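Here the structure is laid out as structure tokens; the discussion comes afterwards.
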């Protein structure tokens, strides 16, 4: 793959995200997620995602009695970043989907790095290869994402660009990973055979003492 240079003409429009979260999650595979946080370009091809829906989705932050300080970004305009902190030390990067007023988001579970790899390694404490970005907490760390980016529109610090579409024959689906409820829904999408896809298995959240970054 040739060196990646952001092309504004290839940036995904908000209308791309203003669709059902499951559709967006599937079609993000093969797109390029880029960060300019800290003034340094870091980017990777999206190879694994999970969709999260509204109040009827038991695994979603929107499965509440309404809008809360935590989930309000999910109800906001599409094409924004929804960041949250979990397990006491991991940030998670989600992209808001669905029309404004409808909760929905896509968790970026894994990317294949194509730019800024040295910076990613530094942010990941010297890790390299698939360990850079083969899990959602790793993706956020490698791209420099934290809670200060929660609610920010795509286009400045974070952007998504059209890449090479992944044919259906290479896309796998499964239940989601690390949830105490809603894990059985087939809302995880990943590129078959890509080494950067996370190694965690779908199913219920593991016991607390055995949890690790997935």
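The values are calculated or read from the model by the stated rules, or taken from the named source; none is laboratory data. It should be emphasised that the depicted structure is a prediction, and the values quoted were computed from it without experimental measurement. Here Cβ is always computed from backbone atoms with ideal geometry, including for glycine, and neighbour counts include all displayed protein chains.
Restricting to segment 19-44, give me the number of residues that are farther than 20 Å from residue 149 by Cα and part of a loop (DSSP other than H, G, I, E, B). Qualifying residue count, segment 19-44: 5. Residue count for segment 8-26, restricted to those that are under 28 Å from residue 118 (Cα atoms) and out of contact with any strand residue (DSSP E or B) (no Cβ under 7 Å at 6 or more places or on another chain): 2.
Could you tell me whether residue 97 is over 10 Å from the mean Cα position of the chain (by Cα), closer than 15 Å to residue 16 by Cβ and in contact (Cβ under 8 Å) with a residue 12 or more places away in the chain? So residue 97 passes the test.
Going through (1) within 30 Å of residue 64 (Cβ to Cβ); (2) surrounded by fewer than 18 Cβ atoms within 10 Å (Cβ to Cβ) one by one, residue 129 falls short only on (1). In the set (1) outside any loop (DSSP other than H, G, I, E, B); (2) at pLDDT 95 or above; (3) touching a helix residue (DSSP H, G or I) at 6+ places or on another chain (Cβ under 8 Å); (4) over 26 Å from residue 166 (Cα atoms), residue 102 fails one condition alone, (1). Taking every residue in segment 1-23 that is within 18 Å of residue 60 (Cα to Cα) and pairing it with any residue that is at pLDDT 95 or above and in a helix (DSSP H, G or I), at least 6 positions away or on another chain, the pairs with Cβ-Cβ distances below 7 Å are 17/24.
Considering only residues that are in a loop (DSSP other than H, G, I, E, B) and in contact (Cβ under 8 Å) with a residue 40 or more places away in the chain, look in segment 63-88 and name the one that is surrounded by the fewest Cβ atoms within 10 Å (Cβ to Cβ). Don't jump to the end; show me each part of the working.
Step one: list which residues in segment 63-88 are in a loop (DSSP other than H, G, I, E, B), which gives 63-71, 76-79, 87-88.
Okay, now just the ones that are also in contact (Cβ under 8 Å) with a residue 40 or more places away in the chain, so 63, 76-79, 87.
Numbers: 63: 17, 76: 17, 77: 16, 78: 24, 79: 22, 87: 13.
Restricting to residues being in a loop (DSSP other than H, G, I, E, B) and in contact (Cβ under 8 Å) with a residue 40 or more places away in the chain, the top hit is 87.
Looking for something at pLDDT 95 or above, crowded, with 21+ Cβ neighbours inside 10 Å and on the phi > 0 side of the Ramachandran plot - is there at least one such residue anywhere in segment 109-123? Taking every residue of segment 109-123 in turn, at least one turns out to be at pLDDT 95 or above, crowded, with 21+ Cβ neighbours inside 10 Å and on the phi > 0 side of the Ramachandran plot.
Looking at segment 8-30, can you tell me whether even one residue there is in contact with a helix residue (DSSP H, G or I) (Cβ under 7 Å, 6 or more places away or on another chain), modelled with pLDDT of 95 or more, crowded, with 24+ Cβ neighbours inside 10 Å and over 14 Å from residue 95 (Cβ atoms)? Within segment 8-30 (the criterion being in contact with a helix residue (DSSP H, G or I) (Cβ under 7 Å, 6 or more places away or on another chain), modelled with pLDDT of 95 or more, crowded, with 24+ Cβ neighbours inside 10 Å and over 14 Å from residue 95 (Cβ atoms)), the answer is no, since none of the residues qualifies. When residue 168 is tested against (1) surrounded by 15 or more Cβ atoms within 10 Å (Cβ to Cβ); (2) without any contact (Cβ under 8 Å) to a residue 24 or more places away in the chain, just one condition goes unmet, and that condition is (1).
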